[in-house]
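Report on one structure; see the data block that follows.
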Amino acid sequence: MTAARCNPRVFRILFCNYEYPPIGGGGGTCSHNLARQLVRRGHEVEVVTARYRGLKRSVRFGGLHIRRIAALRSRPDQSNPLEMASYALSAGLHLLARNAPRPDMVVSFHTIPSGLAAFPYCRLHGVPHIALLRGGDVPGWLPQRMAGWHRATLPLNRMIVYTSSACLANSDGMRALAQRAFPRKKIGVLQNGVDLRAFCPPRRPRSARGDSTLQLLFVGRITSQKGIDSLLRAMARRQFATVDWKLNVVGDGPQLAEYVELSKELGIIDRVNFRGWVQRRELRGHYDSADMLVFPSRYEGMPNAVLEATGCGLPVVATRTAGTVQIVRDGENGFLVDVDDEDALAQRIGTLMTDRPLRLRLGENGRRIAEAQWSWEARAAELEKLIAGILD
């Protein structure tokens, strides 16, 4: 295998993650792509994740072994605290009872519940553990919504972070937040990436389209965090009344019904399509048919949707949040506006609507930047180097 020659040492690596494609969000996507790339580099990866209806309990793809264990999970797109607790208990017991060869390294995605599941096994057997912070496990993240959760789980989070061999956040902004929460631990960074083969510009260039309707796209969970209400109010402005546009909202979440009602109140329901949650393999079609991605989030770590859009050659209008500012270069592959600044959001969207050459140029720049900076191959190489350093 050519990949194995990249590194003469072969590691057994165990991933703990309560979500893994086709279920879950950004954390699942990250673990899937890192696992696949590590296997291509010659390593053996086992993933312990939650079972969901219709999915096989055990699947092998060469050096990748996916184990789906019994845990409560009612929806493919999100998981509540009780369901997370069920995974932590079930996965923790599974690991303690496993009779497979001991891994060289355990990597958990989210301290809770995945790191909590890995903690007893790693301590009992002396296996080093890398904890990857994803946002919800960092005190100070989404304070209006998660302050109570962070206070309740802080002792467990500290236990997992301080006993880990390494702890990594997914962006510079997230690292700064985590460093304040866990001052006794040096926090590193392992950024997200994008699958440049799966998410690439469409075969039929956007410049060759005959449809005059401008297609705006949002991809993400339908929660107040994502700022969709701000986007809807921006699009209801008089300046867009005579423009032929559609907004496709791809995702599901607790505030879907609320935003449907808001679209009706604003008089734009006939222009907004709420597509619901879709499988990752279906996402590519939405990116292909779009003219721009609009991402007005109020808080972010390292948003996969923005990375995927740049890989697909789409210009992006996004808010200045922790991870987004590392992906979007203002005026080069998209535009950045302040959180909840609906005037600026409408202005930047309007600029792209009326300037087709600019849209195409920013999109091409985004693809070029993604190829140079955001490949999962590069992220896997960084993780591989870290593992080798810890084991040495």
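The values are calculated or read from the model by the stated rules, or taken from the named source; none is laboratory data. Remember, predicted model here, so these are calculated numbers, not experimental data. In this analysis, Cβ positions are derived from the backbone assuming ideal geometry, glycine residues included, and neighbour counts consider all displayed protein chains.
Some points to look at:
- Test: residue in region 155-162 that is touching a Lys or Arg at 6+ places or on another chain (Cβ under 9 Å), modelled with pLDDT of 95 or more and basic (Lys, Arg): yes
- Residue, surrounded by the most Cβ atoms within 10 Å (Cβ to Cβ), within region 163-203, restricted to residues that are polar (S, T, N, Q) and closer than 23 Å to LEU391 by Cα: ASN170
- Cross-chain or 6+ apart pairs with Cβ under 9 Å, region 212-226 first and among the small types (Gly, Ala, Ser), then at pLDDT below 90 and outside any loop (DSSP other than H, G, I, E, B): SER224/GLN144; SER224/ARG145
- Residue identified as out of contact with any Pro (no Cβ under 9 Å at 6 or more places or on another chain), among the charged types (D, E, K, R), on the phi < 0 side of the Ramachandran plot and buried (at least 20 other Cβ atoms within 10 Å of the Cβ) among ARG60, ARG75, ARG41: ARG41
- Hey, PHE295 crowded, with 20+ Cβ neighbours inside 10 Å, touching a helix residue (DSSP H, G or I) at 6+ places or on another chain (Cβ under 7 Å) and closer than 29 Å to GLU364 by Cα or not: yes
- Scanning region 23-72 for residues that are in contact (Cβ under 8 Å) with a residue 60 or more places away in the chain and assigned to a strand (DSSP E or B) gives a single hit, VAL48.
- Selection within region 80-100 - in contact (Cβ under 8 Å) with a residue 40 or more places away in the chain and over 19 Å from ARG57 (Cα atoms): PRO81
- Single unsatisfied condition, ASN157 versus (1) polar (S, T, N, Q); (2) outside any loop (DSSP other than H, G, I, E, B); (3) under 19 Å from the mean Cα position of the chain (by Cα): (3)
- Condition check for ALA322: modelled with pLDDT of 95 or more, in contact with a Ser or Thr (Cβ under 9 Å, 6 or more places away or on another chain) and not in a helix (DSSP H, G or I): no
- Any hit, region 119-142, residues being part of a helix (DSSP H, G or I) and modelled with pLDDT under 90: no
- When ASN17 is tested against (1) surrounded by 22 or more Cβ atoms within 10 Å (Cβ to Cβ); (2) under 12 Å from the mean Cα position of the chain (by Cα); (3) in contact (Cβ under 8 Å) with a residue 60 or more places away in the chain, just one condition goes unmet, and that condition is (2).
- Pairs linking a residue in region 145-156 that is among the small types (Gly, Ala, Ser) to a residue that is at pLDDT 90 or above, with Cβ atoms under 9 Å and 6 or more positions apart or on different chains, are ALA147/PRO139.
- Verdict on ALA257 being in the same structural domain as ASP330 (by TED's automatic domain parsing), in contact with a strand residue (DSSP E or B) (Cβ under 7 Å, 6 or more places away or on another chain) and assigned to a helix (DSSP H, G or I): no
- Residues that are more than 24 Å from THR242 (Cα to Cα) and of a type in the set (S, T, N, Q) were ranked within region 325-360; the one that is modelled with the lowest pLDDT is GLN326.
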